[in-house]
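Readers should treat all values here as calculations from the given coordinates under stated rules, not as data from a laboratory. All values reported here derive from a predicted model rather than from experimental measurement. For neighbour counting, all protein chains shown are included, and Cβ atoms are generated from backbone atoms with ideal geometry for every residue, glycine included.
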Amino acid sequence: MKKRFSFICLAFLLLIGCTPKAEIPAILQNHPLRTTFTKLDDPTNKPEVLFNGKDLTNFYVFTAKNGKNSPLDNNYVVQDGVLFFSGSDPGYISTVKSYSNYYLTAKVKWGNERYGDRKESPRDSGIIFHFNADRVWPTSFEFQVQEGDMGDSWLTGNVTCTDSQGTAYPVGRNNRIVKYADAESPYGEWSLLEMVVWDDNAEFYVNGVKVNDIHHLSLTEGKILFQLEFADVYYKDISILPLKENNKNMKTAISTEKAPAAIGPYSQAIEANGFVYASGQLPINPATGQFPEGGIKEQTRQSILNARAILDAAGLSLANVVKTTVFLADMNDFSAMNEVYASFFKAPYPARSAVAVKTLPKGALVEIECIAVK
C-alpha cells in the first residue's frame, strides 16, 4: 500500500510538471545564515557538475612550462571518473567561468609519488579561488590541500582578509591562516572538501567538519583552480551550487603599497559589478615618492607600472584592461607617450582617449587611468 501511494504521489508530481526538490546539503541547511542563501529555495537551482568524470569540459590547463591552454599529457589524466594530477611541472586546471556566492564540493585522495625538492615533504595541492590573472600561484585565496594541513588558508599576492578571531591580515606575500581543526582522512582514503563562499566570506570544511573561516576578503569573485604541486593527487565529484544572487550594489576598494597611496578622498581603485575602475596614476615611483628621471617616456612607463600594480592587487593584469584615458600636459608629447604605451598592451588593444589638459598635479607630464574587466 505504501509503495502504491508513493508511486501515485510521484506520478502526480510529474503530471503537474514538478520534480521533487533537491536535497540541501546539511552544512547549508544548518548554516546560521541559511535564510540569506536565497537560491537554495529556488526549485530550479541545481548543482553544476564542474568535472563530468569524462574530460575537462568547463576547465582549461595552465602549466609553468607552457602557460594557459597547455596540451593534456601524463600530468593531467582523466580515467574512470577520476582526475589524476602527476609530475614536477607546477600548474593547475582552472574553471573557464568566474564564480561568487557558491557552495563547492570535491573529493581528494593522495597518490604515491612526490617530485623535485618535495620528495621528502608532505604531499601538497590546493583549491585556489577568487583569482583572475593566470600564473603559477596567482593573486588569490587558497583552501590548502596538504598532508597534515588540510584546511589552512594562504593569501597570495596583494589580497587581505581577517581570520575567525577578527585578526587582520594586511597585504603581504604568502600570509598563512592555520586551520583550527583536523578532519583529514588517512592516507589512501578519500577526503570530502566543502567550501561555503558568500559575499566577502569563505568557510572550509573537511569531511563535514568546519576547519577554517576567513572574512572581509578583498576579492569576492573569480575563477577556481585545482593545483598540481609536485605530488600525485586524485580529485573527483567536483560540483558547485549557487547560494544567492550577486550583490550588484557591492563595491570593494583595491589598495597596494606597490603604487602611490591615495592621499585624498578617493581609492586607488574600486571593484564593482565585474569591473575594476583604477584612479588616474601619476608617474610617481612608490618607493621614492618622486618622478623618475627623464621626460615623457620615463613618466609614461612609471604611470603604467603603477596602474599595473593596482590591477595585480585586484587579481588582474593589463590584458584585462578595456578602456584607458591618457591626460597629457602637452599634446606634442603624444608620439613619445604612444611609443611607450604600445610596448605594454597587445591586440585587441583597449579603447583609449587622449586629451591635453592645462596642468597636471605636481607638474606631471602625464596621468593614466584605466578600466578593467574580470
Study note, to complete from the structure: The answer for the net charge of residues other than Asp232 whose Cβ lies under 10 angstrom from its Cβ, with Lys and Arg +1 and Asp and Glu -1, is +2
Review point. What FRET efficiency comes out for the pair Lys358/Glu257, r = Cβ-Cβ distance, R0 = 22 Å, nearest 0.05?
Key: 0.10
Check your understanding: Taking the mean number of other Cβ atoms within 10 Å as a proxy for protection, how do you rank 364-372, 100-108, 327-335 from highest to lowest?
Key -> 364-372, 100-108, 327-335
Revision key, fill the gap. Taking the chain, the whole-percent share of alpha-carbon pairs separated by over 38 angstrom is 29
Check your understanding: Over the range 21-242, what relative contact order in percent results from Cα pairs under 8 Å that are six or more residues apart?
Key -> 29
Review point. So between Tyr115 and Asn52, what do we pick up on full extension, going 0.36 nm a residue minus the alpha carbon distance?
Key: 19.9 nm
**Study point:** Cα-centre dipole for the range 21-242 with unit charges at Cβ (Lys and Arg positive, Asp and Glu negative), debye to 20
**Key:** 360
Review point. Stokes-Einstein at 20 °C, 1.002 mPa s, Kirkwood radius from Cα pairs: D for the range 113-216 in µm² s⁻¹?
Key: 150
Practice item. Which order do the peptides 253-262, 194-203 take when ranked by the mean count of other beta-carbon atoms within 10 Å per residue, highest first? Key: 194-203, 253-262
Practice item. With only Lys, Arg, Asp and Glu charged, each at its Cβ (+1 for the first two, -1 for the last two), find how big the charge dipole of the chain is about the Cα centre; round to the nearest 20 debye. Key: 960
Review point. Lysine pairs in the range 251-373 8 or more apart or on different chains: how many have alpha carbons under 21 angstrom apart?
Key: 8
Review point. To two decimal places, what compactness ratio does the range 21-242 give when its Cα radius of gyration is scaled by 2.2 N^0.38 Å?
Key: 0.97
Review point. Of Asn66, Pro25, Gly91, which is farthest along the charge dipole of the range 21-242 in the positive direction, counting Lys and Arg as +1 and Asp and Glu as -1 at C-beta?
Key: Asn66
Revision key, fill the gap. Karplus-derived 3J(HN,Hα) from phi for the range 359-369 (6.51 cos²θ - 1.76 cosθ + 1.60, θ = phi - 60°), whole Hz, x at Gly and Pro, runs 8, 10, x, 6, x, 5, 8, 8, 9, 10, 10
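What is the calculated FRET efficiency for Glu339 to Tyr60, with r their C-beta to C-beta distance and R₀ = 25 Å, to the nearest 0.05?
After rounding, the FRET efficiency stands at 0.15.
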Study note, to complete from the structure: Out of Asp152, Asp42, Asp89, a Gaussian network model of the chain with alpha-carbon springs under 10 Å gives the largest mean-square fluctuation to Asp42
Check your understanding: How would you classify the range 251-373 from its alpha-carbon gyration tensor, with a ≥ b ≥ c the square roots of the eigenvalues: rounded for a/c under 1.5, else prolate if a/b is greater than b/c, otherwise oblate?
Key -> oblate
Exercise for review: Please sort by residue number the chymotrypsin sites (Phe, Trp or Tyr not before Pro) in the range 245-297 whose DSSP state is loop and whose Cβ has at most 15 other Cβ atoms within 10 Å.
Suggested key: Tyr266
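Based on the Cβ-Cβ distance from Tyr349 to Gln79, what FRET efficiency comes out when R0 is 30 Å, to the nearest 0.05?
So the FRET efficiency works out to roughly 0.10.
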Practice item. Enumerate the aspartates and glutamates that Lys46 could reach by cross-link, defined here as Cα to Cα under 12 Å, with residues fewer than 8 away along the same chain left out. Key: Glu23
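If each residue of separation counts as 0.36 nm, what is the full-extension length gain between Ala183 and His215 once their alpha-carbon separation is subtracted?
9.4 nm
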